[in-house]
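The values are calculated or read from the model by the stated rules, or taken from the named source; none is laboratory data. Here the structure is a predicted model, which means the values were calculated and not measured. All Cβ positions, glycine included, derive from the backbone under ideal geometry; neighbour counts span all protein chains shown. Ligands, DNA and RNA are excluded from the accessible area calculation, which covers all protein heavy atoms including side chains. Shrake-Rupley method; radii C 1.70, N 1.55, O 1.52, S 1.80 Å.
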Amino acid sequence: MNVSAAEAAEYHSKDFDWETLRQEIENDPSLSYHLLPFLSPQPEQQVSKDPIKAWQSFHIQHSSGKFFKERRYLLKEFPELVSCGDGSKVLEVGCGNGSTALPILRGNDKVILYACDCSNETLQRAKEFVVASNVASFEHRFRPFYCDFATTGFPKWLACDYCRENFGQKDPNCISDVKEERTLETDSGSMEERSCCIGGVDFITLIFTLSAVPLQIMPTALRECFSVLKPGGMLLFRDYGLYDMTMLRFEPDQRVGFREYMRSDGTHSYFFCLDTVRNLFISAGFIELEIEYCCVKSQLYLRIPTK
């Protein structure tokens, strides 16, 4: 693990009590519109930008990488990514520019990281981000590929129908007995099946990705994640929580559903309460191990240019 002791010591997730925050928000009249039932969309909201194209444009606009910071808290939050064994396969869903991928590659030199996104431009930025780290082994263990998992599902080379069927029948304490087959990486960065599949994955990371999926599609998206996860595997999830500051900044006319909002650029965000997360994942077949709000105060730093 290459995370310094100082960085680890700085990590914290309990700056305040979420129940106290809830009471403050729900007692503030200026924020009451966030609590109201959502009846019907306004005419200007009925025609919205295609969500995939909206996110593609978003990532192109922020392609420099300065907008997304490397998520150094990830390994402290999910130490399983550090302790997992040699050859463990991790699937990063919605990898963006690689801000989640790089900490995983840094933290464990034994894992193979498959990373998907619905934007080829974004995948290219992620590869550049990894290459810029100047660690040769990262490129060897980083396998990016294009995929819109919420609508088309994961490719069969990740887990074929036979594997998916077996995953649903095995004892959760067993490890997969499917032999990993060789795959070919094309010039575009996608992976093509050579003989069978890689036999599923040991871990899935879903970091600030599910909230960008329309609420009505979330159950299908999570079932797809469950279908490629080996028995005994883990899905590691972190996303926007209810009453996050990002949510409170939305104006009333940006609501497109209950706890669901659309930015001016057409991208969507949903904000989760614990019960919603629990119900979504259990309905998809997952077993709850741990679920809680991560309560972190954000600090604003202003840089005043000098003459």
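Of note:
- Being under 21 Å from residue 212 (Cβ atoms) and either surrounded by 14 or more Cβ atoms within 10 Å (Cβ to Cβ) or at pLDDT below 85 (or both) is not true of residue 175.
- Test set (1) at positive phi; (2) open to solvent by 10 Å² or more (accessible area, probe 1.4 Å) - residue 79 fails condition number: (1)
- Hits in the range 227-275 - residues which are among the hydroxyl-bearing types (Ser, Thr, Tyr) and more than 16 Å from residue 18 (Cα to Cα): 227, 261, 264, 267, 269, 270
- Leading residue by the ranking (modelled with the lowest pLDDT) among those in the range 85-123 that are open to solvent by 30 Å² or more (accessible area, probe 1.4 Å) and under 12 Å from residue 146 (Cα atoms): 121
- Flag if residue 8 is at pLDDT below 75, touching a strand residue (DSSP E or B) at 6+ places or on another chain (Cβ under 9 Å), open to solvent by less than 60 Å² (accessible area, probe 1.4 Å) and not acidic (Asp, Glu): no
- Any hit, the range 180-202, residues being farther than 17 Å from residue 285 by Cβ, open to solvent by less than 20 Å² (accessible area, probe 1.4 Å), modelled with pLDDT under 90 and part of a strand (DSSP E or B): yes
- Here residue 34 fulfils each of the conditions (1) at pLDDT below 95; (2) within 27 Å of the chain's Cα centre (by Cα) apart from (1).
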